[in-house]
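Worksheet: the structure to be examined is printed underneath.
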Amino acid sequence: MRKLILVLFLLSFCISGAQAPEKWSSSEIYNHIKKLNFLGSVLYIAAHPDDENTRLISYFSNEKNARTAYLSLTRGDGGQNLIGPELREQLGLIRTQELLAARRIDGGQQFFTRANDFGYSKTPAETLEIWNKDEVLSDVVWIIRKFRPDVIINRFDHRTPGSTHGHHTSSAMLSFEAFDMAGKKDAYPSHLDYLEVYQPKRLFFNTSPWFYGGDEAFKEADKSNFLSFDTGTYFPTRGLSNPEIASLSRSQHRSQGFGSTGSRGKQMEYIELLKGDLPSKDAGIFGGINTSWNRVPGGEAIGNILKEVEENFNFEKPSQHIPQLLKAYKLIQNLKDAHWKEIKTEEIKEIIYASSGLYLEAVAQKAFTTPSEELPVRLEAINRSSENIQLSSVELTPNNSKITPQVKLANNEGWDGDINFKIPESAEFTTPYWLEEKGTMGVYAVNDQNLIGLPETPLRTKATFKINFNGTEIDFHQPVVYKYNDEVYGETYKNFEIIPAVTVSFNEEVLIFNNSEPREVIVQVTANKANIKGELLLMADKNWKIEPVKTNFSIAQSGGNANLVFKITPPKTQNETNLTPEAIVNGKIYIEKLIQINYDHFPNQNLIIPAGLKLVKLDIKKKGQNIAYIEGAGDVIPESLEQIGYNVTKISPYSISDNSLKKFDAVVVGIRAYNIVEELKYKQSVLLEYVKKGGTMIVQYNTNRGLLLDNIAPYNLEISRDRVTNENAEVTFLSPEHPVLNSPNKLTKDDFKGWVQERGLYFPDNWDENFTPILSMHDESESPKNGSLLVAQYGDGYYIYTGISFFRQFPEAVPGAFRLFANLISIGK
């Protein structure tokens, strides 16, 4: 069992999604041989995607040749998205893939715990309570025991609770505690059914002048417990400096807008020892730790062989070293140390594969299949070296379809073959493992201990090529992929997916009724195999009327769909329910929808979850009809406003003019627009003139870092980092008679119930007397924050600035958020 767990753990890194296959150059083979000859590991720990120090990860991976990994406690689900509308779980999936893309560049590996990024937290006490400390601590201990790092480095300081994001400090506190627990048998003993205890050697904190308040204070700090080193290394075999690699890695965090410009030259990093012995400054973090092949019993002979390969590497003909590599491979199979045996087996297999010029591929006829379906797979194998290599067999998983060609792969003469891939009825769908079941606010539900820590679901469809190298057989696992020729991009790869035979979807996530009139709902049923016939039922709370209750459908072609129309009548009073579908085909019930996420910096992703539509009957009145929306970072505010009956036009900042704005009752500016939409600084005078002439302008939150304008309002307005993270924080009406609290909807304290994730963020803390503060709120033990909603009359119109997180409330159809926003639009009308 222990061996199986480690193999799964390794395969999750060796076989990720449908990137174009890696084809190593001689320089890359040589760099991997250097890694093969280093037996040391570093684990970097922090809280979120983007917290990692990519300079350090790249430095340890590429300069020191160490196994280097980043443990991000969360997947970044609680943040904002600068590249699209996806939030929460879908954003977490995007950021997971961005981290994997970053690690492919800097050479690191990636881990996660089950912790859910529930949003900003001001204290580690709150964080650990919501996460359920014991569960997340168990995960950290588990990952330490699996990865077995010599050295752990924390991004944040465990000694400074309350000085930064609660998740940040919690990551360091959990790491500090897990360091000792990983080596104790009485700590999480259930782990020992799969793993052995393990005690790391050293724990460091990755400090910097930032943690000391600046360079001057850092110069005066006691550094007797520090190690420092220059990470500005230049790698001739790559043609890049370490900081350049690090910037390319960091630039994969596109959903957070973290594009980074590379640099060259000296760059110092500092780490402070927290636990373990401090090595000499010359020895570095691995000082006193045996990182050679002599570390493992039986390793000396392996090290001697591989040292000779490294020292005499033939860049023009790397296949020259295959006999030595095969000899080392066989010796590795005899190692008693299971940990290093599995790791080094995978590493040397990849080097043998690349050195021989092998290319092995399994291409499915289409991009997806369904359980119980059968489809052809095209196989390719070629040896581009003079070595004696034979293809013995190819086996597909799941269901183990197998062929045994027993053909010699002559130099540069390709072999092609076909095999039928029969997907079993019990095959699992291709979807993120941590989203298969509903978790809590703090942790995702993962019942399989073997999956905890993995960045993505282990490969479920693969081809195993058994290759015989002059008497030595080695298995190479390749993902089954879908490949096609794009007229623009040429050879293009996609993940091969297993999906339900039938999927169901709605056009919206939420449908809002602001009166008692019935509305049509279109349900799209998609057939993912041919000749599907069945019936569709819709179910909801008894207060909602559905006509018809069920209807039949018939779809002839795979990929075809049927759009079925239902009429939904809401109850008279404010109410909400979930509308759930059931597609019944041959007695089997299908309830899933398929969400596809496609961006060009990571492989296509499928998310398969239960389909549903939230129905909400709102007691809401509004004035005004036509809204102009200027998009900032991604949100669904425009679509949400259309739900309650507004006509919303998304306008390009380039098109803004006095004349173009005349027809709009209000202009709404999207979140962080003044941080990222360059053209706005040239159109601000036009927008303010629109307000002056009687228009209403509503500006949603921006950050005070990187504002494109000195002042985004007609009067002085200073944005702070004030925020209220408790979505249930009490709200006080500072101006109870103000129109935005009374017209056309009379707001009460009940309108601030049922909010999600937070009240708001980046509130102004200083403003001109022309602004009227409307609401006061605060987190526990904090002073009142009065800048969440500010209204100023300017000329004949109104300028409104709000840090209230409408972008989080609208997708969840929070009634009070809609009623308040309708009042903002209605002001002055």
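The values are calculated or read from the model by the stated rules, or taken from the named source; none is laboratory data. Fair warning: this is a prediction, and the values are worked out from it, not measured in the lab. Every residue, glycine among them, receives a Cβ derived from its backbone with ideal geometry; neighbour counts consider all protein chains shown.
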Looking at GLN252, is it assigned by TED's automatic domain parsing to the domain that holds GLY107, surrounded by 14 or more Cβ atoms within 10 Å (Cβ to Cβ) and in contact with a Gly (Cβ under 8 Å, 6 or more places away or on another chain)? no
For region 638-647, indicate whether the set of residues that are part of a loop (DSSP other than H, G, I, E, B) and assigned by TED's automatic domain parsing to the domain that holds ILE532 is non-empty. no
Please verify whether region 160-181 includes one or more residues that are closer than 30 Å to ILE637 by Cα, of a type in the set (A, V, I, L, M) and within 22 Å of the chain's Cα centre (by Cα). no
Any hit, region 651-667, residues being at pLDDT 95 or above, touching a Pro at 6+ places or on another chain (Cβ under 9 Å) and in a strand (DSSP E or B): no
Which of the residues spanning region 393-410 are on the phi < 0 side of the Ramachandran plot and surrounded by 15 or more Cβ atoms within 10 Å (Cβ to Cβ)? SER393, VAL394, GLU395, LEU396, THR397, PRO398, SER401, ILE403, PRO405, LEU409
Quick one: GLU63 ticks every box in (1) within 30 Å of SER805 (Cα to Cα); (2) among the acidic types (Asp, Glu); (3) surrounded by fewer than 24 Cβ atoms within 10 Å (Cβ to Cβ) except a single one, so which number is it? (1)
Selection from region 195-246 of residues within 21 Å of SER58 (Cα to Cα) and acidic (Asp, Glu) yields ASP230, GLU244
Tell me which residues, restricted to region 659-680, are without any contact (Cβ under 8 Å) to a residue 40 or more places away in the chain and over 30 Å from the mean Cα position of the chain (by Cα). ASN659, SER660, LEU661, LYS662, LYS663, PHE664
Number of the exception - GLU413 against (1) surrounded by 15 or more Cβ atoms within 10 Å (Cβ to Cβ); (2) outside any strand (DSSP E or B); (3) not aliphatic (A, V, I, L, M): (1)
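State which residue is nearest to PHE807 (Cα to Cα) when the search covers only region 731-748 and only residues that are in contact with a Ser or Thr (Cβ under 9 Å, 6 or more places away or on another chain) and without any contact (Cβ under 8 Å) to a residue 60 or more places away in the chain.
Result: VAL731.
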When you check LYS617 against the structure, is it surrounded by 20 or more Cβ atoms within 10 Å (Cβ to Cβ) and modelled with pLDDT under 95, yes or no? yes
By residue number, the members of region 262-279 that are within 20 Å of ARG55 (Cβ to Cβ), assigned to a strand (DSSP E or B) and among the charged types (D, E, K, R) are GLU269, GLU272
Report, by residue number, each residue of region 706-737 that is in contact with a Leu (Cβ under 9 Å, 6 or more places away or on another chain) and part of a loop (DSSP other than H, G, I, E, B). LEU708, LEU709, ASN711, ILE712, ALA713, PRO714, THR725, LEU734, SER735
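Let's see how each residue does on (1) touching a strand residue (DSSP E or B) at 6+ places or on another chain (Cβ under 9 Å); (2) assigned by TED's automatic domain parsing to the domain that holds LEU99:
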| site | (1), (2) |
| --- | --- |
| SER228 | yes, yes |
| GLY232 | yes, yes |
| PRO236 | no, yes |
| PHE258 | no, yes |
| ILE285 | yes, yes |
| ASN304 | no, no |
Has region 448-463 got at least one residue that is outside the structural domain of HIS321 (by TED's automatic domain parsing), more than 26 Å from ILE352 (Cβ to Cβ), in contact with a Lys or Arg (Cβ under 9 Å, 6 or more places away or on another chain) and buried (at least 18 other Cβ atoms within 10 Å of the Cβ)? yes
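Listed residues VAL724, VAL691; which is assigned by TED's automatic domain parsing to the domain that holds ILE804, in contact with a His (Cβ under 9 Å, 6 or more places away or on another chain) and surrounded by 16 or more Cβ atoms within 10 Å (Cβ to Cβ)?
Details: VAL691 fails: in contact with a His (Cβ under 9 Å, 6 or more places away or on another chain).
None of the others qualify; the one that does is VAL724.
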Tell me whether region 810-820 contains one or more residues that are under 30 Å from VAL686 (Cβ atoms) and β-branched (Val, Ile, Thr). no
Looking only at region 119-155, count how many residues are in a loop (DSSP other than H, G, I, E, B) and either hydroxyl-bearing (Ser, Thr, Tyr) or in contact with a Phe, Trp or Tyr (Cβ under 8 Å, 6 or more places away or on another chain) (or both). 6
Which one is farthest from ALA66 (Cα to Cα), of the residues in region 94-115 that are part of a loop (DSSP other than H, G, I, E, B) and out of contact with any strand residue (DSSP E or B) (no Cβ under 6 Å at 6 or more places or on another chain)? THR113
I'm told GLN110 meets every condition in (1) at positive phi; (2) within 14 Å of the chain's Cα centre (by Cα); (3) not β-branched (Val, Ile, Thr) except one. Can you identify the failing condition by its number? (1)
PRO815: modelled with pLDDT under 95 and over 18 Å from ASP722 (Cα atoms), yes or no? yes
Of (1) of a type outside the set (Asp, Glu); (2) modelled with pLDDT of 95 or more; (3) assigned to a loop (DSSP other than H, G, I, E, B); (4) touching a helix residue (DSSP H, G or I) at 6+ places or on another chain (Cβ under 6 Å), LYS185 satisfies all except one. Which? (4)
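Yes or no, residue by residue, for (1) touching a strand residue (DSSP E or B) at 6+ places or on another chain (Cβ under 8 Å); (2) under 30 Å from ASN116 (Cβ atoms); (3) polar (S, T, N, Q):
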site	(1), (2), (3)
TYR433	no, yes, no
GLU436	no, yes, no
GLY439	no, yes, no
ILE452	no, yes, no
GLN478	yes, no, yes
PHE496	yes, yes, no
If we ask which residues in region 433-458 are out of contact with any Ser or Thr (no Cβ under 8 Å at 6 or more places or on another chain) and either acidic (Asp, Glu) or at pLDDT below 95 (or both), their number turns out to be 9
Here's a check for you: in region 464-487, which residue that is more than 13 Å from SER393 (Cα to Cα) and of a type in the set (Ser, Thr, Tyr) is farthest from the chain's Cα centre (by Cα)? THR472
Take region 777-796 and flag every residue that is more than 20 Å from THR123 (Cα to Cα) and either surrounded by fewer than 23 Cβ atoms within 10 Å (Cβ to Cβ) or of a type in the set (Lys, Arg) (or both). ASN786, VAL791, ALA792, GLN793, TYR794, GLY795, ASP796
When the residues of region 229-243 are narrowed to those that are surrounded by 14 or more Cβ atoms within 10 Å (Cβ to Cβ) and of a type in the set (Gly, Ala, Ser), which ends up nearest to ILE271 (Cα to Cα)? GLY232
Filter region 487-511 down to the residues that are of a type in the set (Phe, Trp, Tyr) and free of Cβ contacts under 8 Å to residues at least 24 places away in the same chain and list them by number. TYR489
